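In what follows, a structure is listed as structure tokens, so that the remarks can point back to it.
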Amino acid sequence: MSGYPNMDFDFESAAEESGDEYDADKRAADMMDKLRDEALQFLDVPILRAQMQKHIMSRYTLPEIIASILASKLANPDLSEAQLFETLVSVMRRTPQLSINAIKDLEWCREVDPATVG
């Protein structure tokens with residue numbers, strides 16, 4: 001093995017509708033656990049504490065975490081972060097496939113990005 005991650009990722013099948021074999025709830029819970037474990041490591045770092053608390057530790061679901069991060073990035077003077085957050089969470093709850101695809105994307109990033117841990 002060359003030390004590089006496996007780039008043979010099947011994007012088409014990863015984005016397809018998931019069947020019964022894909023346990024979205026379990027994988028979402030596993031991803032939440034991983035994100036919380038990693039965020040805990042940075043709560044002692046003053047410059048990161050507020051972000052970890054705001055986006056990860058204070059959230060109850062993966063869609064909330066994703067919506068929180070996206071809303072903070074996309075907010076502007078005409079569209080508040082709170083409005084964006086509520087809209088994004090609502091859309092993700094109504095469209096479970098979005099969460100499934102997000103989980104698959106995060107899993108892929110963890111697999112191929114040498115900067116990620118775990």
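The values are calculated or read from the model by the stated rules, or taken from the named source; none is laboratory data. Just so it is clear, the structure is predicted and the values come from calculations on it, not from any experiment. Positions of Cβ are generated from backbone atoms using ideal geometry, with glycine treated the same way; all protein chains shown enter the neighbour counts. Just the protein is used for accessible areas: all its heavy atoms, side chains included, with ligands, DNA and RNA removed. Shrake-Rupley method; radii C 1.70, N 1.55, O 1.52, S 1.80 Å.
Conditions (1) at positive phi; (2) of a type in the set (S, T, N, Q); (3) modelled with pLDDT under 90, marked per residue:
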site	(1), (2), (3)
S18	no, yes, yes
L40	no, no, no
I47	no, no, no
K54	no, no, no
S68	no, yes, no
A75	no, no, no
L79	no, no, no
A82	no, no, no
W108	no, no, yes
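What pairs come up if the first residue lies in the range 72-85 and is in contact (Cβ under 8 Å) with a residue 12 or more places away in the chain, the second is in a loop (DSSP other than H, G, I, E, B) and surrounded by 14 or more Cβ atoms within 10 Å (Cβ to Cβ), and their beta carbons are under 6 Å apart, counting only those six or more places apart or on different chains?
L84/A75
How about the range 42-63: which of its residues are in a helix (DSSP H, G or I) and open to solvent by 70 Å² or more (accessible area, probe 1.4 Å)?
P46, I47, R49, Q51, Q53, K54
For the range 64-118, which residues satisfy the criterion of being closer than 18 Å to D25 by Cα, over 15 Å from the mean Cα position of the chain (by Cα) and buried (at least 17 other Cβ atoms within 10 Å of the Cβ)?
none
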